[in-house]
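Enquirer: Before we start, here is the structure in question, set down as structure tokens.
Just so you know, all these numbers are worked out from the coordinates, no wet-lab data involved. The shown structure was predicted, so the numbers you read here are calculated from the model rather than taken from an experiment. So basically every Cβ, Gly included, is an ideal-geometry build from the backbone, and we count neighbours across all protein chains shown.
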Amino acid sequence: MCGIVGLFLKDKSLEPKLGQMLSEMLITMTDRGPDSAGIAIYGQEQKGRSKLTVQSEGGREDYAALQNDLAAALETDLSITPNDTHAVIDVAADKASELRTILSAQHPDIRVMSQGDSIEIYKEVGLPGAVSERFHVSAMSGSHGIGHTRMATESAVTTDGAHPYSTGPDQCLVHNGSLSNHNALRRKLTRNGIKIESQNDTEVGAAYLTWKMSQGNSLGEALESSLKDLDGFFTFVVGTKDGFGVLRDPIACKPAVLAETDQYVAFGSEYRALVNLPGIEDARVWEPEPATVYFWSH
Amino acid sequence: MLTYDLAADGLRGLNAALQAQSPDTNQSQWDVINPKGSHAIAVGLNAPIDVTVHGSTGYYCAGMNQQANIRVKGSVGPGVCENMMSGKVVIEGDASQYAGATGHGGLLVIKGNASSRCGISMKGIDIVVHGNIGHMSAFMAQAGNLVVCGDAGDALGDSLYEARLFVRGSVKSLGADCIEKEMRPEHIAILSDLLEKAESDAKPEEFKRYGSARKLYNFDVDKNTTY
Amino acid sequence: MEPKTPRTLPIQSATFTKEVNAEIRRAAATGIYDIRGGGAKRKLPHFDDLVFLGASVSRYPLEGYRETCNTKVTLGTRFAKNPIELDIPITIAGMSFGALSGQAKEALGRGASAAGTSTTTGDGGMTPEERGHSSKLVYQYLPSRYGMNPDDLRKADAIEVVVGQGAKPGGGGMLLGQKISDRVAQMRTLPKGIDQRSACRHPDWTGPDDLEIKLLELREITNWEVPIYVKVGATRPYYDTALAVKAGADVVVLDGMQGGTAATQDVFIEHVGIPILAAIRPAVRALQDLGVHRDVQLIVSGGIRNGADVAKAMALGADAVAIGTAALIALGDNDPKWEAEYQKLGTTAGAYDDWHEGQDPAGITTQDPTLSARLDPIDAGRRLRNYLKVMTLEAQTIARACGHNDLRNLEPEDLCALTVEAAAMAQVPLAGTDWYPGKPGTGY
């Protein structure tokens, strides 16, 4: 079980404060999820470049050497910017998939957390305050982001059990609830060639959406079919390059609150997460209907 | 008038102070400021005091209320007035899910909208919603009156016992064993009284009544499909 | 005259037994599932499959009497201002007034109080008699919330939030019309004589993240004074225990499939939930992994019958046990002296489980005034006290034989298993070996 927060900025002047606002919202949800925390931020993008956020247990001092190795192997400019156990690899967009192949073949201890033009995902075991601190989330800027604090239900408390999960380029998923058919679905997706690392039910939800989209469905269509194919209780928040989406299962027991002003759209598992947002007293506050896909994009 | 700053002085202090009030207290008027979406505000009160919460709350505001008069100038999270026994609670904004859950008595007024499962398992509480209510409202509702001036969502009154449901607007769908029933003079009287107490201008004649068909009261194999 | 051709002896199927066939015929006749009381009746891996390794040359026993063996336990030390101190590590499990007669509830209160332990209300609320006769009363907080109110909440010595019970994990309460008398109907806000339907989920929270907020509310209403237990039916005990701890429970109560109920579908009782033997070690491991074993106490139930069961449960890591069925039998449930009446009901002493029909000859699981008058609460209370005393003495005898001066010093290494299943479930070696299935470092 968990806490989810999301912030989509309409007012560009707030972009430098995205990380700080999101971090504060996340820390308010600590009680709902003391085990691990994660955040996906959609920040700077550079035309023609791709970003990979990677993680390695205990960080790697030799990211500098790695940078040289990879640049040579790919015959391209690339830079690695470490951030605690994570690092952002900036590479030419047309070299991104080759880079992933080399990483998984030659550096299996390096996990790819996200890939895309603007997305960066940071997640680790620990309280949200600690996780936010170690990655300097408060200093990050961007147009939108989602965050998650985890109380593990049926899988272990590990880095790869934490959310958000990447579901594709510039896409990610966080989840509050408990899927009841995740084991059968995991086996089916694995047979279809999808790689799933953990026993976490959310990772299955994310893999399912990725799989559906790989078959030509839009994210919206994939979310619609999830209502039929996923069993259990869920509030999903998905991040995309342009915005974010929200979906609650038909029974809709897990909480979800949305707030909208001229400056932003915000999501929280509890209203408490939204109380310090600017102009919240006059915001339109409502709860998403069950089995309905909601979307906001730039 | 006593003012309590929840952000500065904490939840324990507030509830302890409010719960300590006796029926003949002279500290009968309270203002709670900076609620900031906190949970369990003004729970377990047991005296006819007046409490005004300035802002929005989290879960279980006014839980298990007895005798107190509580007004929230904002919205409330899930479970407002859960298991209320008596007293009157007015929410000026919206209420999240489970509003009035398992309440035994008293009056809960929501001036905005209530979310899903409004009045779930109610056992005698009266709830009046000026706006709309969400799905699965009045689920297994045993006793009391639920009055909705707006619309009701899916599966209204599923598995209903003896609670009375009055809806002025549309009902998206009715739950198992919940049917429309005729409005008789005694129902108009009940509705009239509740609407007045709830500060609503709606007219009783504009409402339809829903209640239990009582077919699930004793198991019948031929009605098996309802299960 | 030709000799008669020998025939094979008739063979009854082990799959289509007489009981199974009778049930199929009953289902065909009525079109409704079989409802009954009690816990799982079929043979299951249980404490009988474990034995203690008494002292010998490598270890020394304690003498009885003078060399004391402590039996006291304190529950609710984590957050409560007033934890509960029990003289014995055996409590009376939740059973409702409605399922049981008023006299039976009174007897339980008398017996438990005389033995220095607690009783628990059930799915119907607190009666004044029970509060009056029980020196320590745990108040159940169930999905139905029948009779729930803050005054009774504040009269309780502890609150037990019931997520589920062993007989029907994932199911709700059930009481059929025959037992919804005037008084029961009034307490539960139901029309008299109808079949009570109960919810299987709590009405105002879902999931451990919400449960945490609910526990906060209950503590705020009761001034943080009393312990809050969280009770689950045994299914995924590792995760459920961990989540109860994360949600803020003071005590975890774990009920195995042998745990009884007043009434539910037979298929639920027999086919959902796991034996208590298999549930204890994962629950204890969860507590140990979170560093709260002994700080958050564990009470286990489901088929506890004697002091050996108590000692084994504690050796596996529990802090205390609860009894339900055993307590009722001590009061007089299913006693052979009523055999003539059991026969009239189509059953026999020991097998009677149609408690939902409310015709119990022993007067315990009924609301009928004539039948319930058969139980003398004072005499029955004395019987319960005697039984609790015997269980305690038995557990002490075993503990002393293992060299312990406190029941809580019993440990898994005092045990070994007689069957492979029990060894695997309790994670205790097979007698005469140092192996159990799944032991780390072995090939299985």
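Enquirer: Looking at the P(r) of segment A:1-120, how many percent of alpha-carbon pairs lie beyond 21 Å?
Expert: I get 47 percent for the Cα pairs in segment A:1-120 exceeding 21 Å.
Enquirer: What's the average, rounded to a whole number, of partner chain beta-carbon atoms within 10 Å of each residue's beta-carbon in B:54-62?
Expert: 5
Enquirer: Put a dot 7 Å past each Cα toward the Cβ at C:ALA22 and C:ARG7; how far apart are the dots in nm?
Expert: It is 2.4 nm.
Enquirer: Say R0 is 22 Å: what FRET efficiency, to the nearest 0.05, do C:THR235 and A:ALA156 get from their beta-carbon distance?
Expert: 0.75
Enquirer: Still on this structure, I have one more. Per DSSP helix of 4 or more residues, -39500 (n - 2.57); summed, then divided by the residues of chain A. What does that give at 222 nm, rounded to the nearest 500?
Expert: It comes out at -7500 deg cm²/dmol, rounded to the nearest 500.
Enquirer: Tell me the net charge near C:LYS72. Cut-off is 15 Å between Cβ atoms, C:LYS72 excluded, with +1 for each Lys or Arg and -1 for each Asp or Glu.
Expert: Counting the neighbours of C:LYS72, the net charge comes to 0.
Enquirer: Taking the Cα centre of chain A as origin, sum charge times position over the Cβ atoms of Lys and Arg (+1) and Asp and Glu (-1), and report the length of that vector in debye to the nearest 20.
Expert: Dipole size: approximately 540 debye.
Enquirer: Nearest 20 debye, what's the magnitude of the dipole of segment B:2-216 about its Cα centre given +1 on Lys and Arg Cβ and -1 on Asp and Glu Cβ?
Expert: That gives a dipole near 380 debye.
Enquirer: When only DSSP loop residues count, what trypsin sites (Lys or Arg not before Pro) in segment A:29-123 have their Cβ near at most 10 other Cβ atoms within 10 Å?
Expert: A:LYS47
Enquirer: Still on this structure: Once you have the alpha carbon radius of gyration of the protein assembly as shown, what is it after dividing by 2.2 N^0.38 Å, with N set to its residue count?
Expert: Cα-based Rg divided by the globular estimate yields 1.01.
Enquirer: Moving to a separate point now. May I ask for the percentage of alpha-carbon pairs in chain A that lie more than 30 Å from each other?
Expert: Roughly 26 percent, rounded to a whole number.
Enquirer: Could you pull out which residues in segment A:15-59 have an amide N less than 11 Å from a spot 7 Å beyond the Cα of A:SER138, following the Cα-Cβ vector?
Expert: Residues passing the 11 Å test: A:20-21, A:23-24.
Enquirer: How far apart, in nm, are the 7 Å Cα→Cβ label points at C:ASP434 and C:GLU341?
Expert: 5.8 nm
Enquirer: Okay, next question. Send over the semi-axes of segment C:1-63's equivalent ellipsoid, whole angstrom and largest first, taken as the square roots of 5 times the C-alpha gyration tensor eigenvalues.
Expert: Equivalent ellipsoid semi-axes, largest first: 46, 28, 7 Å.
Enquirer: Averaged over every viewing direction, what's the projected area of the C-alpha convex hull for segment C:202-247? Give it in nm², one decimal, please.
Expert: 3.4 nm²
Enquirer: Looking only at other chains, what is the average number of their beta-carbon atoms within 10 angstrom of each beta-carbon in B:72-83?
Expert: Mean shielding count: 4.
Enquirer: Please compute, for the alpha-carbon atoms of segment C:268-416, the extent along each of the three principal axes and give them in descending order in Å.
Expert: The Cα atoms of segment C:268-416 stretch 52, 33, 26 Å along their principal axes.
Enquirer: So what's segment C:1-144 giving for Rg/Rh, alpha carbon basis, Kirkwood Rh from the mean inverse pair distance?
Expert: Looking at segment C:1-144, the ratio lands at 1.20.
Enquirer: Could you tell me how far the Cα centroid of segment C:1-25 sits from the Cα centroid of segment B:149-179, in Å?
Expert: 56 Å
Enquirer: Count charges around B:ALA42 for me, please; just the other residues with Cβ under 12 Å from its Cβ, Lys/Arg as +1, Asp/Glu as -1.
Expert: In short, -3.
Enquirer: How do C:PHE79, B:PHE139 line up, fewest other C-beta atoms within 10 Å first?
Expert: So the residues, fewest neighbours to most, are C:PHE79, B:PHE139.
Enquirer: Hey, another quick one. Report, in cubic angstrom per residue, the convex hull volume of the C-alpha atoms of segment A:46-117.
Expert: Value for segment A:46-117: 74 Å³ per residue.
Enquirer: I want the local charge near C:GLU225. Using Cβ-Cβ distances under 10 Å, sum +1 for each Lys or Arg and -1 for each Asp or Glu among the other residues.
Expert: Spelling it out: positives minus negatives among the neighbours equals +2.
Enquirer: Right, here's the next one. What fraction, in whole percent, of alpha-carbon pairs in segment A:115-231 exceed 16 Å separation?
Expert: 62 percent
Enquirer: I would also like to ask the following. Charges only on Cβ, +1 for Lys and Arg, -1 for Asp and Glu: so what's the dipole of chain C about the Cα centre, in debye to the nearest 20?
Expert: For this selection, approximately 320 debye.
Enquirer: Compute the distance in nm between two label points, each set 7 Å from the Cα along the Cα-to-Cβ direction, one at A:ALA291 and one at A:LYS47.
Expert: 4.6 nm
Enquirer: Could you give the length gained by full extension between C:GLU421 and C:ALA114, i.e. 0.36 nm per residue of separation minus their alpha carbon distance, to one decimal place?
Expert: 106.7 nm
Enquirer: A further question on this structure: Can you put A:SER226, C:SER58, A:SER50, C:SER101 in order, fewest other beta carbons within 10 Å first?
Expert: C:SER58, A:SER226, A:SER50, C:SER101
Enquirer: Specify the inter-centroid distance of segment A:1-71 and segment A:96-130, based on alpha-carbon positions, in whole Å.
Expert: 11 Å
Enquirer: Please check which bits of segment C:58-83 a label hung off C:SER135 would reach, taking the label as a point 7 Å along Cα-to-C-beta and the cut-off as backbone N under 20 Å.
Expert: Hits in segment C:58-83 for C:SER135 at 20 Å: C:69-77, C:82-83.
Enquirer: Once all Cα-Cα distances of segment C:38-426 are split into 10 Å bins that start at 0, what whole-number percent is in each one?
Expert: 5, 24, 35, 25, 9, 1, 0
Enquirer: 222 nm [θ] for chain C, helices only, -39500 (n - 2.57) per DSSP H run of 4+, per residue, to 500?
Expert: That comes out to -10000 deg cm²/dmol.
Enquirer: So if we plug the beta-carbon distance of A:HIS298 and C:ASP34 into 1/(1 + (r/R0)^6) with R0 = 41 Å, what FRET efficiency do we get, rounded to 0.05?
Expert: Efficiency computed from Cβ-Cβ geometry: 0.10.
Enquirer: Here's a follow-up. Compute the distribution of all C-alpha to C-alpha distances in chain B, in bins of 5 Å from 0, and list the percent of pairs in each, rounded to whole numbers.
Expert: In order of increasing distance, the bins hold 2, 8, 16, 19, 18, 14, 10, 7, 5, 2, 1, 0, 0 percent.
Enquirer: Taking R0 as 35 Å, what's the FRET efficiency between B:ALA213 and B:THR25 from their Cβ-Cβ distance, rounded to 0.05?
Expert: The formula returns an efficiency of 0.15 here.
Enquirer: Another question about this same structure. Find the all-direction average of the projected area of the Cα convex hull for segment C:127-231, expressing the result in square nanometres with one decimal place.
Expert: Over every viewing direction, the Cα hull of segment C:127-231 projects on average to 7.1 nm².
Enquirer: At 0.36 nm per residue, minus the direct Cα-Cα distance, what do C:LEU393 and C:SER56 gain on full extension? Give it in nm, one decimal, please.
Expert: 119.2 nm
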